[in-house]
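Coordinate-derived values only; no laboratory data. Source: prediction; values computed, not measured. Quick reminder, even Gly has a Cβ in these numbers, built from the backbone with ideal geometry, and neighbours come from all protein chains shown.
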Amino acid sequence: MILAALAAIAFADLDLDGKIADLLPTSSEQKWLGIPWRLDLNQARADAAREGKPLLLWIMNGHPMGCT
């Protein structure tokens, strides 16, 4: 009970937008979104060869959440 009261006092000055902003990823944490991902392997190979860039293959077997 006392801990809940202390927590309420500690966070009383933060508004909801501030709390949400603390949880959202920063722009530097979202740089991977700027990568031009390709779903077509042939197109990706052609683009990599044309631009002289390496090709990353993300290959997996099974359920993406590890549920089998």
Toy charge model, Lys and Arg Cβ at +1, Asp and Glu Cβ at -1: the stretch 12-68 dipole around Cα centroid in debye, rounded to 20, equals 540
Nearest-0.05 FRET efficiency for Cys67 and Ile20, computed from C-beta distance (R0 22 Å): 0.15
